[in-house]
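The values are calculated or read from the model by the stated rules, or taken from the named source; none is laboratory data. From a predicted model like this one, the values you see are computed outputs, not experimental measurements. Note that we place each Cβ from the backbone using ideal geometry, even for glycine, and neighbour counts take in every protein chain shown. In case anyone asks, the SASA skips ligands and DNA or RNA and just uses the protein heavy atoms, side chains included. Shrake-Rupley method; radii C 1.70, N 1.55, O 1.52, S 1.80 Å.
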Amino acid sequence: MGTGLTNPLLRRLEKQGLLISEWNTEESRPRKFYRVSPEGARVRTGLLREWQDLGASISRLTKGDR
């Protein structure tokens, strides 16, 4: 994945309040670092729960086909 894909995605997630960014200017080349915001952590938890529920449902459905 190149920066042409990741940078717009990171900026969009930051604008939505799901990420927090900060600049590190201590090195010769400034770098922007991202971390998950509290709201981002809540969204991640909800999405993970939905994914696990979907996996469990698919598992139940496929076990019935055997």
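Could you grab the pairs with beta carbons closer than 8 Å, sequence gap of 6+ or different chains, first residue in the range 3-17 and assigned to a helix (DSSP H, G or I), second one surrounded by fewer than 10 Cβ atoms within 10 Å (Cβ to Cβ)?
Note: no pairs meet the criteria.
May I ask you to say which residue of 6, 62 is surrounded by 10 or more Cβ atoms within 10 Å (Cβ to Cβ) and either in contact with a Cys (Cβ under 6 Å, 6 or more places away or on another chain) or modelled with pLDDT under 95 (or both)?
Working: 62 fails: surrounded by 10 or more Cβ atoms within 10 Å (Cβ to Cβ).
From the options 6, 62, the qualifying one is 6.
Please verify whether residue 45 is open to solvent by less than 60 Å² (accessible area, probe 1.4 Å), not charged (D, E, K, R) and not in a strand (DSSP E or B), treating the condition exactly as stated. Before you say what the answer is, go through the steps one by one.
On the way: open to solvent by less than 60 Å² (accessible area, probe 1.4 Å): no; not charged (D, E, K, R): yes; not in a strand (DSSP E or B): yes.
No: the conditions fail for residue 45.
Under 30 Å from residue 3 (Cβ atoms), free of Cβ contacts under 8 Å to residues at least 60 places away in the same chain and open to solvent by 90 Å² or more (accessible area, probe 1.4 Å): does that describe residue 22?
Taking the combined requirement at face value, the residue satisfies it.
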